[in-house]
Amino acid sequence: MTAEQAVHPSPNDSGDTGEALPGLFSRQHAAATLTFATVMFLTGFAALAVVPTLPTAAEDLDGVPLFPLVAGSFVAASLLGGVLGGHWADRSGARRPLALGMVLSVVTLLVSASSVSIWQLVVGRFVDGLAAGMVAVSVTTAIGQSYPEYLRPRMLAMMSASWIIPSLVGPPIAGVVAEVWSWRVVFYGLAALTALPAVALVAVLRRAPAGDDVRAADLPPAEERASRPPLLIAALLSLGAALGQYGVSEWDTRHLLFVAAGVALLVVFAPRLLPAGTWRSARGLPTAVLLRGLTSGTYFTVEALVPLMLITERRVAAVTVGVAFTASAVLWAVASWVQGKLLQDVARHRLVTVGALVMAASVVFAVVGSFSGVSPLLAMAAMPLAAIGMGMLDPCVTVLSLSHSAPDRLGHTTSAMQTNMNLGQVVVLAFATAVLNAGLAAGASRLGGYAIAFSLLLVPTLLVAVLAVRARKDANP
């Protein structure tokens, strides 16, 4: 047995003693497993209930043209939150950024619920993105630090499974509440439901020994850990993302200047937070990080623009759209469980290719469902189908990324994945929105503009299918 096998034994290797290897709920891992599952449950419940109400909120606040900024401000802030959370986790473990992120998630619900203008809702979503970035990176980093490699796919699948109950009850209830009362009640209700569990979680994390979420022995000495996070770079990158999202909300000279400024900031500063060679798909970690951006950008755009089209153009009830969100979350979890349990012996990069092709099929559904003579249910079906593809490939991309990372750089790696995920969401959504608004400015119908915007999403999905092989575990530069 090699030294690496001794640290990360395979699931079929029980050692010379014949004893079973520790599982997710063994004495060694139970505390971390329960803590992470609780965080994902709370995060999922809030996220899945809020997102379906955003188109209704934007329409109520007379801010539909600024809806890309409402969605994009969340992503822009996640860039900063992810960098801060990743470097913080590398230096002192994942508990503190995780706790702060949970507290901020409650604050943002109150800010959004009391919105008197679309700009206040943008601020609320920005704070929510900051919290979400910290939480996502902290949890992923802690998984890499706390579990051997053979348990990571199972734990990531459990993270997706933790969204099942929230997905079953969150979107439908939110849709009913928004229809009968107000979208504000959804935000206030979620703040009340999340506050007490968030405080309890912070208390548990403060009392827990370091080994419960990060094995302290696996961290290098403090002087050898990652340097102070490049917060100024991350802040400028977040600013660039926000400027770009605002710029594509209209099609005139002033807004185009905002787009140009945003693109300039992204081009200059994004490479400093990503592995060298990410944008040219260098083998190994750079390609894995690139895949995260392309897939997340496609899925985020489908999840943002399909509901907006259905609610504002096809006049589909919010509660019906909520059902699509529920189906998406459930199918994501099921696909994630399948890849982690039934397909664990299949090469991860091959599953990424399969998932990308499923997402390409979902894009076709969205395009066809945009035509007025076709039932809007076809466009709605694009959401759960895309979720199947993401549930299949997203954990695989994470596992591939962690496999290319040194133990003391897991936080840096997860931060890079989070950064490019957010960049992908910003760029793909902004590009699709710009195409939509350009089509409208040229006299195209709104549904025709949506169809053109959706069709462009075939490009990133097919790129992922082709490039996945360059991220395989033995694909080192």
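When you scan the stretch 335-368, how many residues do you find that are assigned to a loop (DSSP other than H, G, I, E, B) and either within 19 Å of the chain's Cα centre (by Cα) or without any contact (Cβ under 8 Å) to a residue 24 or more places away in the chain (or both)? First the steps, then the outcome.
So the first thing to find is which residues in the stretch 335-368 are assigned to a loop (DSSP other than H, G, I, E, B), and the list is 343-347.
From the residues that got through so far, the ones that are either within 19 Å of the chain's Cα centre (by Cα) or without any contact (Cβ under 8 Å) to a residue 24 or more places away in the chain (or both) too are 343, 345-346.
Residues meeting the conditions: 3.
Out of the residues in the stretch 407-424 that are within 27 Å of Leu343 (Cβ to Cβ) and either open to solvent by less than 20 Å² (accessible area, probe 1.4 Å) or of a type in the set (Gly, Ala, Ser) (or both), which is modelled with the lowest pLDDT? Taking the candidates together, the pick is Leu410. The set of residues in the stretch 412-451 being of a type in the set (Ser, Thr, Tyr) and in a helix (DSSP H, G or I) consists of Thr413, Thr414, Ser415, Thr419, Thr433, Tyr450.
To keep it simple, each residue is scored yes or no on (1) of a type outside the set (Val, Ile, Thr); (2) at pLDDT below 80.
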{"residue": "Ala217", "(1), (2)": "yes, yes"}
{"residue": "Ala264", "(1), (2)": "yes, no"}
{"residue": "Val268", "(1), (2)": "no, no"}
{"residue": "Arg283", "(1), (2)": "yes, no"}
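Within the stretch 62-94, the residues that satisfy the criterion of being surrounded by fewer than 22 Cβ atoms within 10 Å (Cβ to Cβ) and at pLDDT below 75 are Arg91, Ser92.
Taking the residues in the stretch 428-444 that are crowded, with 24+ Cβ neighbours inside 10 Å and of a type in the set (A, V, I, L, M) as candidates, determine which candidate is farthest from Thr298 (Cα to Cα).
Of the residues in the stretch 428-444, the ones crowded, with 24+ Cβ neighbours inside 10 Å are 428-430, 432-433, 436.
Okay, now just the ones that are also of a type in the set (A, V, I, L, M), so 428-430, 432, 436.
Values: Val428: 7, Leu429: 8, Ala430: 11, Ala432: 10, Leu436: 15 Å.
Across the stretch 428-444, the extreme among qualifying residues is Leu436.
Could you name every one of the helices (runs of 4 or more DSSP H) located completely within the stretch 36-152 that has at least 3 residues being of a type in the set (Gly, Ala, Ser) and closer than 27 Å to Thr326 by Cβ?
Working: elements: 54-60, 67-92, 95-113, 118-146.
In the stretch 36-152, 67-92, 95-113, 118-146 are the helices (runs of 4 or more DSSP H) which contain 3 or more residues that are of a type in the set (Gly, Ala, Ser) and closer than 27 Å to Thr326 by Cβ.
Within the stretch 20-37, restricting attention to residues that are touching a residue at least 40 places away in the same chain (Cβ under 8 Å) and within 23 Å of Ala99 (Cα to Cα), which residue is surrounded by the most Cβ atoms within 10 Å (Cβ to Cβ)? By that ranking, first place goes to Phe36. Scanning the stretch 258-304 for residues that are basic (Lys, Arg) and either touching a Cys at 6+ places or on another chain (Cβ under 9 Å) or not in a helix (DSSP H, G or I) (or both) returns Arg280, Arg283. For the stretch 149-169, the criterion of a residue being more than 20 Å from Val338 (Cα to Cα) and open to solvent by 20 Å² or more (accessible area, probe 1.4 Å) is satisfied by at least one position.
The values are calculated or read from the model by the stated rules, or taken from the named source; none is laboratory data. If you're wondering where the values come from, they're calculated on a predicted model, not measured in any experiment. FYI the Cβ positions are ideal-geometry reconstructions off the backbone, even for glycines, and counts take in every protein chain you see. For accessibility, only protein heavy atoms count, side chains too; no ligands or nucleic acids. Shrake-Rupley method; radii C 1.70, N 1.55, O 1.52, S 1.80 Å.
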